[in-house]
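Each reported figure results from applying straightforward, stated rules to the coordinates on display, with no laboratory input. What you see is a predicted model, and the numbers here were worked out from it, not measured in a lab. Here Cβ is always computed from backbone atoms with ideal geometry, including for glycine, and neighbour counts include all displayed protein chains.
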Amino acid sequence: MIIRLATSSGFCFGVRRAIQMALDASKGRDIVYSIGELIHNPQFVGELEEQGIKVANDVTALQDSVVIIRSHGITRDELRILQANGNTIIDATCPYVSRTHELIQTAIQDGYEVFILGDAKHPEVIGMMSYGNLQTIVIAPGEIPTSLKGKRICLISQTTQQVENLKKLACDILDQVLELKVYNSICLATTQRQNASAALAKDSDLMIVIGGRKSSNTKMLASLCSQYCQTLHIETEDELTADSVLGKARIGLSAGASTPEDRIIKVYNKILKINGEEDLATSVHNIPLFKEESC
């Protein structure tokens, strides 16, 4: 059995930054609040709660508190409410996400209607929408808007979408509009992670994608990998059984941007144990990386 890890797996820059800012804020304080789950990983969120970083879903209930804005960002109204209620705000919004807010506002000022490619229910997209206007709409991957003749459109994307989805949407609407401006707002780490996972999936019998089931980028990885081989999306090693991995000669591992390294190590070691091996990993660096050029 060969087990390999896709490059760029695990915490991205924005998530790592948000976690560090939250941990720094919690030092010397009994409790600080995160607006929504700091990251989409329930096990890690539980560990943060043990360190006094509590999840708050109602911004109106927070007054004179220390509040962390998670990497996904929040809406403009939520920010105003937090400020008005005297809270100390620690803004851990991913810079890539903050950039989309600025681009949307600029596009509207320049007279464009804004289309956002993404998941309308995702907190990042909900935050992006709040910087738009009544003409700002969300378009799901594969959806094609109509009645665009003569319009000036600005197309922008949720940061965790696939570049191919953005390209396709731009091509689908290009011949319908008077003018089209496209911002590639997909973060580089997302693209690198997707490309690395797809390459590994093409050379594997089974892909195991590790990350929260609410995590948009992890679900995207699982969907992408499933195009090339059998794919399992799991949150923890407890979900793996002997039946799911035995008989697979080449197993690939990939992890979402909100998946801690220790979770990757536990999944890797669980596979080794199922296979009867005793030399377990103590660090993610002990896990062989897949390099496309080695195929």
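In the chain the longest region clear of trypsin sites (Lys or Arg not before Pro) that are loop-assigned by DSSP and have at most 15 other C-beta atoms within 10 Å covers 30-120. Over the chain, Cα pairs under 8 Å with separation of 6+ residues give a relative contact order of 22 percent. For the chain, modelled as a GNM whose springs connect Cα atoms under 10 angstrom apart, the maximal fluctuation among 146, 88, 159 occurs at 146. Hey, how much of the P(r) for the stretch 13-94 falls beyond 17 Å, as a percent of Cα pairs? Here the long-distance tail beyond 17 Å is 37 percent of all Cα pairs in the stretch 13-94. For the pair residue 236 and residue 223, the difference between a 0.36 nm per residue extended length and the Cα-Cα distance amounts to 2.9 nm.
Rank 46, 212, 132 by mean-square fluctuation in a GNM of the chain with C-alpha springs under 10 angstrom and give only the top-ranked residue. Result for the chain, Cα springs under 10 Å: 46 fluctuates most. Here the stretch 199-265 has an Rg and Dmax of 11.1, 30 Å, counting Cα atoms alone. Before rounding to the nearest 500, sum -39500 (n - 2.57) across all DSSP H runs of length at least 4 in the chain and divide by the residue total; then give [θ] at 222 nm in deg cm²/dmol. Computed mean residue ellipticity for the chain: -11000 deg cm²/dmol. Largest GNM mean-square fluctuation among 201, 255, 61, using the chain with Cα springs under 10 Å: 61.
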